[in-house]
1. Using +1 on the beta carbon of Lys and Arg, -1 on that of Asp and Glu, and nothing else charged, what's the dipole of the chain about the Cα centre, debye to 20?
2. Please list, by residue number, everything in the stretch 74-93 whose backbone N is under 20 Å from a paramagnetic label point 7 Å out along Cα→Cβ of ASN21.
3. Residue separation times 0.36 nm, minus the C-alpha to C-alpha distance between ASN66 and MET89: what's the value?
4. Could you work out the relative contact order of the stretch 10-94, using alpha carbon pairs under 8 angstrom and six or more residues apart, expressed as a whole percent?
5. Sum -39500 (n - 2.57) across every DSSP H segment of at least 4 residues in the chain, then divide by the residue count to get the 222 nm mean residue ellipticity, nearest 500.
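Here, each number is a calculation from the coordinates, and none is a lab measurement. Since the structure is predicted, the reported quantities are computational estimates derived from the model, not experimental observations. Cβ coordinates were reconstructed from backbone atoms using ideal geometry, including for glycine residues, and neighbour counts include every protein chain displayed.
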Amino acid sequence: MLTNEQEKYENLKYFIESYFNWGMDYADLGVLIEEYKTRESEVFVNGFVQEIKEISEHRNWEEIKNLVYLHGRRNLSIKRIEQMIELFMLKLTDLN
């Protein structure tokens, strides 16, 4: 059985492991988000949007930084994490 912490941000973990893995460049993030939107089920995309909204509200940047490192082996600065979440918000909610 998974704990609440392990279940948290499953869609973000999936995106990092499957799309934004260590082999991809940060500059490709926008393209990867678009690819995710077209390939994944609307249910998963909507779940991801909800997670991104929650992260934006809580501003738990250190937690997200650790998650990105654990699941993607990327050591991003807090500023870069904030920019990444903003980009997710723009691309996933069609605000661009």
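1. It works out to roughly 280 debye.
2. 74-76
3. Between ASN66 and MET89, full extension yields an extra 6.3 nm.
4. 40
5. Using -39500 (n - 2.57) per qualifying helix, the result is -21500 deg cm²/dmol.
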